[in-house]
């Protein structure tokens, strides 16, 4: 049995039209804009219709099943794209998930971005009278707990407050109730992003993982959903209340360096600008003599531009993704068995890199698989490759929704253990991947580049300090995680 679900690195969206406009086209377009957050499966739940789920990417299903999807109409709905980290059936774990009978007063559909430890949720479910829920995902367990509490007469805020002590980890969720109300909620630390927007043309409130989804449908960003906040939207409009409060938030820095879309605004900070700022920080920290600066496509491009501008070294696109192959548009930060195949679809512009001293910029090194292929194969004709990384050494597992849940697979840990000596880590990682030099960012540089104070970002995977969680999770192997 796995006590941590590793499956929910995803994107969510919910839309409610106050003038009964059909929001399904907006829902589909919003999910397409969140596709970078999940490419394995997707689904929508629209009031008055059965939940619709498919594997693969949104655009493929929307094209092949246009007639069927066009029959789904409604003024309120939620959607989800899933980022799979197991080899199990994508559709089998697709969301939204139905909780309770759809005609029951307290039933709802739920879509979740984040990761919650199952042990506490299992304990809570048993206390509430459910029998043996093993094999059920963290999302289902959370939904079952909320459903039981709502059915017992608790208000929405009371149900979240009562369940919250068992919610160890991260969650940004949208719910569609059987009455047709839209609910959005975010954990009190704010690990994963969630924002509120307004679509004037259809008089619709929109709750989404990222503001890029709002831009895609022509909606205006109003604000972030606050950590610990619940938003309820019905025919009377929007109501906001809180189920928990924490002075110290723990926003995920990996969202800024890799996971989020560069056009998104998170906590008032533009993701593109933060990545470019981190590149400038790296130029100050590592002034390297080189001929060109080259990004690893695509998330490292802004940081490479920042490094180039600060250092004066010309920026060049020496590596390009082949977007015409099926895996060309996939993101390489997925399970290890697929990563090598995806990186192989990166093409080298030989006349750009041949014989050059290159500063190669990447967002991070997690397992080292991609970096070793790029340095040792793709850039083998370069004279010298110095790899600089926007993210500090990842030494500890993440249990808040990013796919490095086990310590045994982390390269920095494998070569240096829990050492915090960044010069030693730089040297040993360089030897492992075959680079002339490796330079990791540090916590101060990460904080400065993003524009958030250190005490407002989660540093657990860097420092091993899990105090932002309700209790420290038990480290497990990837095989245990999949059981």
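Only the coordinates and a few stated rules stand behind these numbers; no lab work does. A quick note: this is a predicted structure, and the numbers were derived from the prediction, not measured. When we count neighbours, we look across all protein chains shown, and the Cβ atoms used for this are built from the backbone with ideal geometry, even at glycine.
Relative contact order, whole percent, for region 271-467 stands at 21, derived from Cα pairs under 8 Å and 6 or more residues apart. The distance from the alpha carbon centre of region 183-203 to that of region 211-278 is 7 Å, rounded to a whole number. In this simple spin-label approximation, residue 152 and residue 245 carry label points 7 Å from Cα along the Cα→Cβ vector, and these lie 2.5 nm apart. Applying 0.36 nm per residue to the separation of residue 126 and residue 357 and subtracting their alpha-carbon distance, the gain on full extension is 77.1 nm. Peptide packing for 25-33, 222-230 was compared via the average number of neighbouring C-beta atoms within 10 Å per residue; ordered from the highest value, the list is 25-33, 222-230.
Each label point was placed 7 Å from the Cα along the Cα-to-Cβ direction; for residue 104 and residue 472 their separation is 3.9 nm. Dividing the summed helix terms, -39500 (n - 2.57) for each DSSP H run of n ≥ 4, by the number of residues in the chain produces a 222 nm estimate of -8000 deg cm²/dmol to the nearest 500.
Of the peptides 292-303, 461-472, the ranking by mean beta-carbon count within 10 Å, highest at the top, reads 292-303, 461-472.
How much length, in nm to one decimal, is gained on full extension between residue 454 and residue 223, taken as 0.36 nm per residue of separation minus their Cα-Cα distance?
Details: separation 231, 0.36 × 231 = 83.16 nm, distance 2.21 nm.
Once the chain is fully extended between residue 454 and residue 223, it gains 81.0 nm.
Model label points for residue 285 and residue 65, set 7 angstrom from Cα along the Cα-to-Cβ axis, are 4.5 nm apart.
The angle between the Cα long axis of helix 301-311 and the longest principal axis of the Cα atoms of the chain comes to about 40 degrees, rounded to the nearest 10. Compared with the dominant Cα axis of the chain, that is its longest principal axis, helix 422-433 is turned about 80°. The angle between the Cα long axis of helix 271-285 and the main principal axis of the chain comes to about 30°, on a 0 to 90 degree scale.
Apply 1/(1 + (r/R0)^6) to the Cβ-Cβ distance of residue 442 and residue 29, taking R0 = 51 Å, and write down the FRET efficiency to the nearest 0.05. Let's see the in-between values first.
Details: r = 40 Å, r/R0 = 0.78.
About 0.80, to the nearest 0.05.
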